[in-house]
Ligand code: GLA
Ligand code: ZN
């Protein structure tokens, strides 16, 4: 893993809260026994245990934790230790109300919930430092402790803090960033509606009862909240280092989480981890798998290193509208999907179900009944078997030569912009279309932001890159010049870092590279659509027509070759898809929001033309193929998320995992079977095939 972080083999375990069972010491012994039966080798401890660790201000009790860590260690179970700062004790809120958040209408929250501290508060930071240092001194060198889990799901379910301290920090952030108030006024376009500031002291955070509509203010506020969260992570990290521990750190990230730019937070920790709770069986599993798959790729791409699946639900998730049980085999398929996309763990929330409060009905490895003869425990054991069978693949990297841009700041700016379609721009969905098109042809795909290099890729899709920050156009230009293929879409290169519109034509700085200028964009009503027709003899060999909706851009071509044209409306005959040769590369431009079939067909042609081949010759719909590799071997993961069996033509290799192995048959290296040719894969089955990389 990152920076040489290795946990030797896969971690299999999850959140464990033995502090809820201190009055019943037999529970721990029983749990250890069950952990062993289920192949659990890790527990994540300490999340939310502050009130037990520091029951009264300055009075610490860490002995119970030491006893438990020792006992787990004696039984071969490793601990990821969490700092308890995801929730605070009541005494702290009562004595120091400044630790409680203030909403955008100026009201301070009462005590309650979690993830909702004012993380600017000096008192809060001091309390955090002390408890973290204590934990680090006590356990940071314990041989059973392997990593730090800082706080929990930062900002999850909570609003931003708008207290006077945070407002002042925001103003400092702006002073630092802009230097003079004139510079800020210019960058924020404050002459509009007479919103000019005379001094930084006058600036207030965005508010529903104040200024909600100054887009650059909103954008800088989100950047500030991200930065102050990163700063808070640094405080925790420093405290842990001061306590003498040099173990790697992580934070557990969340699904499609907009409020914080995860690329910035990623810089503050040693490795990435995230919590994955798809609603399996709500739609066809193949569709849910696509959704989860892209999230895994986003997480892996943050550091371009293996990550940990920090939480997932072994059974039904109680906060979802319907608590659906996972059907037999679903847990293994979902867990191995994380591994296939680069996870070095399968961890659950939670290991033992709590007895009371709001998560008493959340799925757990050990339920209230507490026996080993439960369906869920058997399913968990099956995951344990699978992870043992593929042990050698842990730590292997993902090599991708195709990437899709998905940029947080771009999203904030675009979704706040007012126009060209306030009832839905569908940024995430559009990114997904590109990602899916590459994935369906069997490519590994990175999902990166504008700060990341493009050098590793042959083809990069840049859907709806509305904002070009840090002069992104130069990066794109260099990439194409050096032989890369770019696929850019409508609504790109429109504004700069502070949401000021570029003058003199868009896509800004790339009109020569793309061989066109965007002239207008048409927002379509939900019921409207247009169609694109192939230009006969087009070099991609496109023969079909495709529909588009939501947004249709009109471009004026200067040099680009037109591959498809609109069929309807007053812009019938204008380009809908173009390509331009530039330097040693090519720049494609997709003018409208097309149906998925367009992306599937066109992207595979473009990627093929650029020399990319899928991991399998053909990938049937609903099948996921990914690979991980070391310097010697490539591991192919093939998963059937369809509801029917599928036949796959396997390349030559040795099978590390199939259904029989997952069900319990051990698979020592010398027994590996050589496989090649046709093979049926059952629904929810995963195959893992090892191939030697020729040198
Ligand atoms: C989140 C939290 C956990 C728990 C689970 C329940 O991921 O981090 O503490 O509440 O949700 O699904
Ligand atoms: Zn605050």
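Annotations for the structure displayed:
- Value of [θ]222 nm, deg cm²/dmol, for the chain, DSSP H segments ≥ 4, -39500 (n - 2.57) each, nearest 500: -9000 deg cm²/dmol
- Gyration tensor (alpha-carbon) shape descriptor, segment 402-609, a/c threshold 1.5: rounded
- Within the chain, DSSP assigns beta bridges of which about 55% are antiparallel (rounded to the nearest 5).
- If you wrap the tightest convex hull around every Cα atom of segment 275-334 and split its volume per residue, you get 87 Å³.
- Between residue 209 and residue 378, residue separation times 0.36 nm minus the direct Cα-Cα distance comes to 55.5 nm.
- Residue 643-residue 23 pseudo-label distance in nm [points 7 Å out on the Cα-to-Cβ vector]: 4.7 nm
- Sorted by Cβ neighbour density within 10 Å, fewest at the top, the residues 64, 21, 527, 148: 527, 64, 21, 148
- Per-peptide packing, taken as the mean over residues of other Cβ atoms within 10 Å, places 415-426, 560-571 in the sequence 560-571, 415-426 from highest down.
- Length added when fully stretched, residue 482-residue 94, from 0.36 nm per residue minus Cα-Cα: 133.6 nm
- Rounded to the nearest 0.05, the FRET efficiency derived from the C-beta distance between residue 318 and residue 158 at R0 = 22 Å is 0.65.
- Ranking of 634, 26, 42, 57 by count of other Cβ atoms within 10 Å, fewest first: 26, 57, 634, 42
- Overall shape: oblate for the chain, with the ratio a/c of the largest to smallest alpha carbon gyration tensor axis at 1.5 or above and b/c at least equal to a/b.
- Counting only DSSP beta bridges whose two residues both lie in segment 405-525, roughly 25 percent are antiparallel.
- Spatial offset of segment 531-599 relative to segment 134-203 amounts to 43 Å, using the alpha carbon center of each.
- Each Cα pair under 8 Å and six or more residues apart adds its separation to the average, and for the chain the resulting relative contact order is 11 percent.
- Relative contact order %, segment 505-641, counting alpha carbon pairs below 8 Å whose residues are six or more apart: 19 percent
- Beta bridges per DSSP with both ends in segment 402-609, % antiparallel, nearest 5: 60 percent
- Remark: 434, 49 ranked as 49, 434, counting other beta-carbon atoms within 10 Å and listing the fewest first.
- Pair residue 558, residue 693: separation of 7 Å Cα→Cβ label points (nm): 4.4 nm
- Efficiency of FRET between residue 426 and residue 475 - r from beta-carbon atoms, R0 25 angstrom, step 0.05: 0.50
- Estimated FRET transfer efficiency when R0 is 56 angstrom, pair residue 74-residue 196 (beta carbons, to 0.05): 0.25
- Separation between Cα centres of segment 94-121 and segment 368-447, rounded to whole Å: 33 Å
- Between residue 547 and residue 621, the contour length at 0.36 nm per residue exceeds the alpha carbon distance by 24.5 nm.
Here, each number is a calculation from the coordinates, and none is a lab measurement. For clarity, every value in this text was computed on a predicted model and none was experimentally measured. We place every Cβ from the backbone using ideal geometry, glycine too, and count neighbours over all the protein chains shown.
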